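The structure appears right after this line, and notes come after that.
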Amino acid sequence: MTVFRSIAAEFQKVFTTRMWWLLAILLVVYVLFLAGGFGAFLGWAVENPDAAENVGNTQLPPGIQLGPLLYSFASSIGYVFPVLLGALAVTGEFRHKTLTPTFLAVPHRSVVLGSKYVSELVLGAGLGVIAFATSVAGGAAALSAFGLETGLDDSDTWALIGRGVLAMALWATIGVGLGALVPNQVAAIVIVLAFTQFVEPILRLGASLNDVTAQIGQYLPGAASDALVGASFYTIASVGSSETLDWWQGGLVLLAIGAVATIIGGATTWRRDVT
């Protein structure tokens, strides 16, 4: 019963703060802008191919489906939000000095960290549902406005959405692991933003330039996430090789990153004196 009470307490901690809905609002705005905006641009480019040629190379790889590509914006650019949610759930305890009463209520520290892992896994899936509902609404509306196929009548599209929600859930556990490893909240936020918005995109672009490095680059967390989902803007933006893992391999990579980071954090920083 201690475990279930601890998990329930973690949910309560999240829902009694403003952070979760602020992140959800930002996620909706960000994903809607990109999925809807890019969908409108693609629709315009299809209807006006001559004019589109004047604004650069708008040619997509043959056989690519526009619907899944747009819907995948939810995970390919929105994954930063569950990572932040998971990291803040841990670092907030250090910043606001709430770990002491938490450990007094639940003396087993591993139970507390495990409860955070489980609760953030569920909350990350919740953000995934919000993100994909937004990307589907914005992307499908844009495609429909130009008379293009949305792909919503295809079971593969819904399978992609389901895998995307799973990817968002796993990203939240990576945030928990990062927070356990780096308890300083400011440092954790900087690391998340720097890695997801700058470091990894550059690494993925550089890795795609060579077949050997492309084999290594597919194990980067963002690349593994895109492999799990099954579609991503990055796969068409790469300038060279675009090697990807199978969807289940991508899922295992994300799961391993989150679990290993959480275990290492739990064995090191989490066991230090918090008084």
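Would you confirm whether any residue within segment 38-61 is surrounded by fewer than 23 Cβ atoms within 10 Å (Cβ to Cβ), within 30 Å of THR173 (Cβ to Cβ) and either out of contact with any Gly (no Cβ under 7 Å at 6 or more places or on another chain) or at pLDDT 90 or above (or both)? For segment 38-61, residues surrounded by fewer than 23 Cβ atoms within 10 Å (Cβ to Cβ), within 30 Å of THR173 (Cβ to Cβ) and either out of contact with any Gly (no Cβ under 7 Å at 6 or more places or on another chain) or at pLDDT 90 or above (or both): present.
Within segment 255-264, the presence of at least one residue that is closer than 25 Å to ASP156 by Cα and touching a residue at least 60 places away in the same chain (Cβ under 8 Å) is confirmed. Is there a residue being open to solvent by 30 Å² or more (accessible area, probe 1.4 Å), among the charged types (D, E, K, R), farther than 21 Å from GLY124 by Cβ and outside any helix (DSSP H, G or I) anywhere in segment 246-257? Yes. Checking segment 129-146 against the condition returns a match, with at least one residue being touching a residue at least 12 places away in the same chain (Cβ under 8 Å) and outside any helix (DSSP H, G or I). Within segment 74-128, restricting attention to residues that are assigned to a loop (DSSP other than H, G, I, E, B) and modelled with pLDDT of 95 or more, the residue that is surrounded by the fewest Cβ atoms within 10 Å (Cβ to Cβ) is GLY78. Looking at segment 1-45, which of its residues are touching a helix residue (DSSP H, G or I) at 6+ places or on another chain (Cβ under 8 Å), among the aliphatic types (A, V, I, L, M) and within 26 Å of ALA140 (Cβ to Cβ)? Passing the criteria: LEU23, ALA24, LEU26, LEU27, VAL28, VAL31, LEU32, LEU34, ALA35, ALA40, LEU42, ALA45.
Hand me the list of helices (runs of 4 or more DSSP H) wholly inside segment 189-235 holding 2 or more residues that are modelled with pLDDT of 90 or more and not β-branched (Val, Ile, Thr). Let's see the steps before the verdict.
Details: elements: 200-207, 211-217, 221-229.
Where helices (runs of 4 or more DSSP H) fall fully within segment 189-235 and carry at least 2 residues being modelled with pLDDT of 90 or more and not β-branched (Val, Ile, Thr), they are 200-207, 221-229.
The values are calculated or read from the model by the stated rules, or taken from the named source; none is laboratory data. As the structure is a computational prediction, the values presented were derived from the model and not from experiment. Every residue, glycine among them, receives a Cβ derived from its backbone with ideal geometry; neighbour counts consider all protein chains shown. All accessible areas refer to the heavy atoms of the entire protein, side chains included, with ligands and DNA or RNA removed. Shrake-Rupley method; radii C 1.70, N 1.55, O 1.52, S 1.80 Å.
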